[in-house]
1. Can you check what the Kirkwood hydrodynamic radius comes to for region 109-196, Cα pairs only, in Å to one decimal?
2. In region 138-268, with Lys and Arg counted as +1 and Asp and Glu as -1 at Cβ, which of these residues, Leu206, Gly190, Met169, has the Cα nearest the positive end of the dipole, that is, farthest along it?
3. Which pairs break 22 Å Cα to Cα here: Lys346/Lys368; Lys103/Lys240; Lys59/Lys368; Lys107/Lys137; Lys18/Lys346; Lys2/Lys356?
4. Could you give the length gained on full extension between Lys356 and His189, defined as 0.36 nm per residue of separation minus the Cα-Cα distance, in nm?
5. Kirkwood Rh and Cα-based Rg: tell me the resulting Rg over Rh for region 280-333, rounded to two decimals.
6. For region 224-305, what is the largest minus smallest coordinate of the Cα atoms on each principal axis, given in angstrom and ordered from greatest to least?
7. Considering the zone a paramagnetic label at Thr344 would reach in this model (a point 7 Å from Cα along the Cα-to-Cβ line), which residues of region 201-228 have amide N under 11 Å from it?
8. Give me the net charge for the shell around Lys59: Cβ to Cβ below 13 angstrom, other residues only, Lys and Arg +1, Asp and Glu -1.
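The values are calculated or read from the model by the stated rules, or taken from the named source; none is laboratory data. None of these values were measured; they are calculated from a predicted model. Using ideal geometry, Cβ is built from the backbone for each residue, glycine included, and neighbour counts are taken over all protein chains shown. Remember, those area values only see protein heavy atoms, side chains included, never the ligands or the DNA or RNA. Shrake-Rupley method; radii C 1.70, N 1.55, O 1.52, S 1.80 Å.
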Amino acid sequence: MKILVIGNGGREHALAWKLRQSPHADRIFCAPGNAGTSQIAENVPIRASDLPGLVGFAKQNRVDLTVVGPDDPLAAGIIDLFAAEKLRAFGPDKSAARIESSKIFAKELMRARKIPTAEARTFSNSKEALRYCEQVKFPVVIKADGLALGKGVIIARDSATAKATIDEMMNQHRFGDAGRRIVIEEFLHGTECSMHALLDGKHYVLLESARDHKRAWDGDQGPNTGGMGSFSPANNWNSKLQSLFDSEIMEPLLHGLLQECVTFRGLLYPGLIITRDGPRVLEFNCRFGDPETQALLPRMKSDLLPLLEATIDGTIERCAIEWDARTAVTVVLASAGYPGKYETEKSISGLDEAAKLDDVQIFHAGTKRDGDEVKTAGGRVLAVTALGLTLEAARARAYQAVSRIDFENRHYRRDIALNAVAANVTELL
Ligand code: AMP
Ligand code: GLY
């Protein structure tokens, strides 16, 4: 089979790496890919936002299956374009992708089906939002409605911060169009957990649990990022939570989608907060998590390719996924400045030395090849994953690998999976 993976992050490197192991995969293309994907696949210089370019490439090269990594092309309707050309592609269509691309669509669906989530109000008028802030109980969470790369979420502990945020989002357009409408919601106390489900429209199979570290700095301080590290399995998940998750979240969601005539075929990743009263949905994502995927896929023993195909074909009910019982820990190495304006073009050393360690996998994100060198080319540069019999062993091995890799002003968190038993990782800013 010829496979095209769309995207250029660590998630896409992990997807291409896992698909490479399938006996059914002949050629794998990555558009546009990075220095890591170029070692296991053929990079194609087409950006993930160039939808006609991607459709044209898939047609011309008779690609059998396209796997879409990021949410933007899904929200823009890439699956619909591929379907119109009778091309097979993994991911939800535009209508189903609204579960992530519109927080308001997701909230309304949850409200209608009584899916446990934070109380929330939507505003498209800044004066009304400001007035609402006079009467709420702080802290509150203020979110831009549209996609803002995980950065359009501010936790405001007092009225002054809330008012400044509303002004920035709605009047000064800090997140562009994404902040035209905002959601103000109740702050949930608890620990986060990322669940991934392969959903074929009617049925789903769950992947193992994972946790992400969203804040930029140690101790869960600093701004929100796309994710600075992850580990799997999550230490705050158990079978009791899973049955609550199935009955209170997934089943009503499937009914709700059915009623809205929305068929979701792809990867659904509900971001959860585990509260004292059970799991609450923070958001629904319509694609694999990054960097959760880099911790999950090294633990997946089953071939990923037939699972993606079964999701498209509506036969996921017949599939079971086999997992490595070991723990995976993933540490992200980022460029100085990330998640703000960051540096690029730094030479990266030690990649081969780090890769020599047993049970270590290095996934590239913002990297590019420059002659014989690998250089930084993005905010998140590498995701270093290690497997271990215990969480501590996996952590130690991951940081051993990290210590072998260097680039100027690299930045990473030293506490990935460290406070894994801490009661609350969503501390206030
Ligand atoms: P989101 O993009 O909605 O996932 O939000 C990004 C991050 O903000 C989440 O991963 C949480 O850490 C935090 N967050 C969002 N909403 C809430 C909430 N209602 N209560 C507590 N923390 C939240
Ligand atoms: N790691 C968070 C996300 O992929 O949305």
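1. 13.5 Å is the Kirkwood radius here.
2. Going by the charge dipole, the pick is Met169.
3. Going by Cα-Cα distance, Lys103/Lys240; Lys59/Lys368; Lys18/Lys346; Lys2/Lys356 fall outside the 22 Å limit.
4. Computed gain between Lys356 and His189 is 56.0 nm.
5. Result: Rg/Rh = 1.01.
6. Rounded to whole Å, the extents work out to 36, 35, 30 Å.
7. Under cut-off, by backbone N: nothing.
8. +2
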